[in-house]
Amino acid sequence: MTSLRNSIHRRNHKERSQLAHRAKLGFLEKHKDYVKRAKDYHSKQDRLTRLKQKAAERNKDEFYFSMTRERTKGGIHVKDRGNTALPTDVVKVLKTQDENYIRTMRVAGLKKIDKIKAQLTALADLVPAEDSEENSLNPEELETLEQAGLISSQSKKGSKRHIIFVDDDQAARNYVGPSHAPRPDAMNVEAQDQSVDLGWIRPNEKRRSKKRQSAPDHDDTEDAEGHSDIAEEIEGSAQQHRQRLLKELSARLVRDKQMRYAEREFEMQRLMMGKGARKKISAPERVGDDDNSDEDEDALDARGGRSRKTSATKSDETYKPRVYKWRIERKR
């Protein structure tokens with residue numbers, strides 16, 4: 001009987017949606033939505049009723065000794081969460097763990113930097129040209145290569161001059177440098193060319209070259225154009241690859257510098273938690289103008305002539321870690 005009742009087709013009762021001309025009023029509320037809204041409304045009303053009752057029945061002379069340990073801020077009771085300061089030894093261990101983590105991540109970053117430097121070293125167009133117009137490296141890329149140690153700082157200044165001292169002006173005019181002096185191989189070739197004429201008829205090379213140039217091959221020109229296009233595409237892709245490597249190298253060098261400073265800061269904090277007298281030699285530099293001449297006089301008078309306390313903002317470019325000097329103590 002149950003199976004027969006389930007096999008009979010029943011009508012699907014669909015909920016009525018919002019009418020088209022009432023769509024601006026939003027979603028059409030159903031009975032289940034009304035129930036949720038009513039429960040929320042009544043719970044808020046009950047809460048307000050209980051608060052009113054507590055305020056009406058409040059005893060102004062009520063006092064507990066625990067109130068002496070409590071505090072308020074702006075009329076609001078501030079409760080202590082029970083957080084206690086960790087011992088110095090525990091904090092030292094935690095800072096050591098942070099320092100070890102920074103050191104591990106920095107070693108991993110240095111390995112990636114070495115890998116990028118190896119890829120850049122294999123490039124043929126990495127050496128800057130003497131002529132600034134022919135040089136394809138911009139100043140930022142040159143600075144990145146100098147920081148990575150791939151090129152020396154003297155490469156941008158050009159080659160140094162070598163001064164040769166001679167006896168008189170005539171020797172200076174007739175002097176020929178080693179770069180302009182003819183090579184011995186070239187001298188031997190010239191001596192072989194100046195052979196004795198034995199009367200043989202030599203073929204005219206000029207006529208042959210003119211004939212070859214008069215009838216060029218059309219297929220050869222097309223092949224040459226195709227090869228030139230392929231060469232340009234390869235050169236463009238190689239330049240993009242080089243720029244991408246230089247950009248990644250620059251970012252990783254900056255990150256390595258920041259992590260080196262962070263590692264040193266952790267070490268400095270751990271050492272300052274120990275014993276021993278120390279003296280600050282240098283501190284992080286303040287960035288920006290500290291002149292308070294344009295400050296309002298009324299505000300200055302209200303503070304009793306004291307300058308306003310401002311937090312020192314530090315920049316990544318000018319930031320330098322703190323330097324302390326500990327007094328030498330004789331160990332027992």
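The values are calculated or read from the model by the stated rules, or taken from the named source; none is laboratory data. Everything quoted here is computed from the prediction, not taken from an experiment. Every residue, glycine as well, gets a Cβ built from its backbone with ideal geometry; the counts of neighbours run over all protein chains shown. Just so you know, the surface numbers come from the protein's heavy atoms only, side chains and all, with ligands and any DNA or RNA stripped out. Shrake-Rupley method; radii C 1.70, N 1.55, O 1.52, S 1.80 Å.
The combined condition, being modelled with pLDDT of 90 or more, small (Gly, Ala, Ser) and under 20 Å from Gly109 (Cα atoms), is not fulfilled by Ala262.
Evaluation of Leu86 against the conditions (1) exposed (fewer than 10 other Cβ atoms within 10 Å of the Cβ); (2) of a type outside the set (Gly, Ala, Ser); (3) at pLDDT below 85 shows that the sole unmet condition is (1).
Just to be sure I understand, how many residues within the stretch 36-94 are over 30 Å from Glu267 (Cβ atoms) and either touching a residue at least 24 places away in the same chain (Cβ under 8 Å) or not charged (D, E, K, R) (or both)? So that I can check it myself, show each step before the final result.
Step one: filter the stretch 36-94 for residues over 30 Å from Glu267 (Cβ atoms), giving 36-82.
Okay, now just the ones that are also either touching a residue at least 24 places away in the same chain (Cβ under 8 Å) or not charged (D, E, K, R) (or both), so 38, 41-43, 45, 48-49, 51, 53, 55-56, 59, 63-68, 72, 74-78, 82.
Qualifying residue count for the region: 25.
What number goes with the only condition from (1) within 57 Å of the chain's Cα centre (by Cα); (2) open to solvent by less than 100 Å² (accessible area, probe 1.4 Å) that His42 does not pass? (2) is the only condition that His42 fails.
In the stretch 1-22, the residues that are of a type in the set (A, V, I, L, M) form no Cβ pair under 8 Å with any partner that is open to solvent by 100 Å² or more (accessible area, probe 1.4 Å) and modelled with pLDDT of 85 or more, whether six or more places apart or across chains. In a residue-by-residue description of the stretch 91-102, the property of being within 30 Å of Leu245 (Cα to Cα), out of contact with any helix residue (DSSP H, G or I) (no Cβ under 7 Å at 6 or more places or on another chain) and assigned to a helix (DSSP H, G or I) applies to at least one position. You will find that of Glu62, Glu70, Glu99, the residue that is surrounded by fewer than 10 Cβ atoms within 10 Å (Cβ to Cβ) and modelled with pLDDT of 85 or more is Glu62 and no other.
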